[in-house]
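Student: Below: one structure in structure tokens.
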Amino acid sequence: MADWLAVLHRRAELRAKAGLTRRLRPRAAGDTVVDLAGNDYLGLTTHPEVTAAAGRALAAYGLGATGSRLVRGSTEVHHGLEAALADWLGTDGSLVFSSGYLANLGAVRALAQPRTLLVSDAHNHASLIDGCRISGAETVVTPHADPAAVAAALAAAPGRPAVVVTESVFSVDGDLAPLAELHAVARRHGALLLVDEAHALGVTGPAGAGGVAAAGLAGEPDVVVTATLSKALGGAGGVVAGPAEFVRHLVETGRTFIFDTALPPAVAAGVRAALDLARAGDDLRAELAERAAETVRRLRAAGLTVSAPDAAVVSVTAPGPEAATAWAATCADRGVAVGCFRPPSTPDSRSRLRLTISAGVPRADFERALDVIVEYAP
Ligand SMILES: Cc1ncc(COP(=O)(O)O)c(C=O)c1O
């Protein structure tokens with residue numbers, strides 16, 4: 001084996017010893033696995049109106065966008081989707097990126113000038129962390145969901161531009177950030193608030209408009225929202241939403257927007273149809289909330305340590321990485337897919353199963369999945 005590959009092999013062995021091996025498992029179309037690992041919260045990925053809309057755009061535009069948005073990739077479908085997203089989120093404007101990851105990189109970088117202080121929650125997603133890193137701006141990481149710590153960080157940098165960076169529903173434990181308090185702190189110090197609604201859009205807030213809308217902050221001039229279109233909206237892509245002047249700035253300067261082939265029009269059309277269904281989907285959201293609450297009740301009754309059911313992400317503590325991996329693998333063998341989070345991809349040293357509840361899973365399958373998780377708990 002070449003030297004550099006031997007080095008990689010030794011590193012892989014060390015990861016295996018620490019219980020940190022990761023494996024890809026190809027999924028067959030139409031498999032019968034009960035999915036508590038994906039993020040299709042409302043079951044819209046396979047909704048006939050969504051796939052039909054995508055199919056029509058596929059026939060009309062072809063497979064890809066053929067270029068970046070500023071070249072030939074900007075279709076009427078993209079523009080319609082952006083108008084609908086801005087209307088839903090209550091912002092002046094919005095801009096669609098080809099993934100939520102790229103939306104976050106672009107948004108954080110665009111908000112940071114050389115002197116900017118970024119104040120980033122300790123549980124933030126990798127895409128926000130990487131956005132802070134590539135911006136080159138000084139970043140202070142504050143303890144999770146701690147407005148007092150954010151206030152202290154801002155107070156320590158008087159007169160400097162600053163951005164408070166947070167998720168709204170956190171991807172690790174599914175808890176809701178104290179958005180109203182964070183906004184009040186940010187405003188008091190003249191800072192901006194950037195909120196990633198990846199796990200909240202379609203799931204929480206009035207008509208599913210997310211945590212920012214729920215906190216009464218939609219359209220505030222010092223708030224910027226990002227989200228992925230790949231979770232409750234069932235497709236792919238990302239969005240940055242906020243004041244029109246900021247959207248213009250992104251179009252003209254955002255590197256992850258400018259130098260990237262546009263989202264395929266068929267995906268944009270499917271997401272547009274999903275948005276209408278999600279916006280009108282209070283019944284789906286009620287079902288989701290009820291299932292999240294039942295999950296927490298059942299697992300706590302079995303003596304497990306479980307996060308609060310603030311949205312549709314439920315995290316269950318495992319004794320360690322190997323136990324978490326074995327638990328998830330046993331569930332998979334019994335036909336139940338669950339997420340498995342272990343250090344270093346957890347913000348603390350805790351290993352957990354992450355259950356993402358979906359209103360699209362048949363009720364009986366959902367109940368059976370809870371039985372399996374409880375039965376094989378370590
Ligand atoms: C909180 C959060 N932000 C951003 C992303 C990235 O979105 P995408 O998968 O569309 O790149 C994810 C995960 O997918 C996420 O969980």
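Student: How charged is the neighbourhood of Pro48? Take every other residue with its Cβ under 14 Å from the Cβ of Pro48, and add Lys/Arg as +1 and Asp/Glu as -1.
Tutor: Net local charge, Pro48 excluded: -1.
Student: Could you state the accessible area per residue of the range 240-361 in Å², with a 1.4 Å probe and every protein chain left in place?
Tutor: Value returned for the range 240-361: 39 Å² of accessible area per residue.
Student: Could you work out how far the C-alpha centroid of the range 93-128 sits from that of the range 203-261, in angstrom?
Tutor: 11
Student: At a 10 angstrom cut-off on C-beta neighbours, averaged per residue, how do the peptides 347-356, 160-169 rank from highest to lowest?
Tutor: Most protected by this proxy first, the peptides run 160-169, 347-356.
Student: Full extension from Ala286 to Ala83: what is 0.36 nm times the residue separation minus their Cα-Cα distance, to one decimal in nm?
Tutor: 70.4 nm
Student: A follow-up question, please. Just how large is the dipole of the chain about the Cα centre, in debye to the nearest 20, putting +1 at every Lys and Arg Cβ and -1 at every Asp and Glu Cβ?
Tutor: Computed about the Cα centre, the dipole is about 1020 debye.
Student: Right, next: Report the FRET efficiency, 1/(1 + (r/R0)^6), for Glu13 and Thr305, where r is their Cβ-Cβ distance and R0 is 35 Å, rounded to 0.05.
Tutor: 0.65
Student: Quick one: length gained pulling Arg368 to Trp4 fully straight, 0.36 nm per residue minus the C-alpha distance?
Tutor: Gain on extension, Arg368 to Trp4, equals 126.4 nm.
Student: Excluding ligands, DNA and RNA, what is the solvent-accessible area per residue of the range 6-68 at a probe of 1.4 Å, expressed in Å²?
Tutor: I get 71 Å² per residue for the range 6-68.
Student: Just subtract the alpha-carbon distance of Ala244 and Asp348 from 0.36 nm times their residue separation and send over the number in nm, one decimal.
Tutor: This chain segment gains 33.7 nm when fully extended.
Student: At what distance in nm do the modelled label points of Ile134 and Arg187 sit from each other, each positioned 7 Å from its Cα along Cα→Cβ?
Tutor: Placing both labels 7 Å beyond Cα along the Cβ direction yields 3.2 nm.
Student: Order of 256-262, 119-125 by packing, highest average Cβ count within 10 Å first?
Tutor: Ranking, from highest mean packing down: 119-125, 256-262.
Student: In percent, what relative contact order does the chain have, based on Cα pairs under 8 Å that are 6 or more apart in sequence?
Tutor: Rounded, it is 25 percent for the chain.
Student: Another one. Say a paramagnetic label sat at a point 7 Å from the Cα of Asp276, along Cα to Cβ; which residues of the range 84-105 have their backbone N under 18 Å from it?
Tutor: 84-89
Student: Is it possible to state the helix-based mean residue ellipticity at 222 nm for the chain, with each DSSP H run of 4+ residues giving -39500 (n - 2.57), the sum divided by total residues, to the nearest 500 deg cm²/dmol? What is it?
Tutor: Mean residue ellipticity, 222 nm, calculated: -13500 deg cm²/dmol.
Student: I've got another one for you. Sort the following peptides by mean Cβ neighbour count (other Cβ atoms within 10 Å, averaged over residues), highest first: 245-254, 17-26.
Tutor: Highest mean packing first, the order is 245-254, 17-26.
Student: What percentage of the solvent-accessible surface of the range 247-378, computed with a 1.4 Å probe over protein heavy atoms, is contributed by carbon and sulfur atoms?
Tutor: Carbon and sulfur: 55 percent of the exposed surface of the range 247-378.
Student: For the range 77-233, with all protein chains present and a 1.4 Å probe, just round the carbon and sulfur fraction of the accessible area to a whole percent.
Tutor: Looking at the range 77-233 in its full context, I get 57 percent from C and S.
The values are calculated or read from the model by the stated rules, or taken from the named source; none is laboratory data. Small disclaimer: the values here were computed from a predicted structure and weren't measured. FYI the Cβ positions are ideal-geometry reconstructions off the backbone, even for glycines, and counts take in every protein chain you see. Accessible surface is based on the protein model in full, side chains and every heavy atom, while ligands, DNA and RNA are left aside. Shrake-Rupley method; radii C 1.70, N 1.55, O 1.52, S 1.80 Å.
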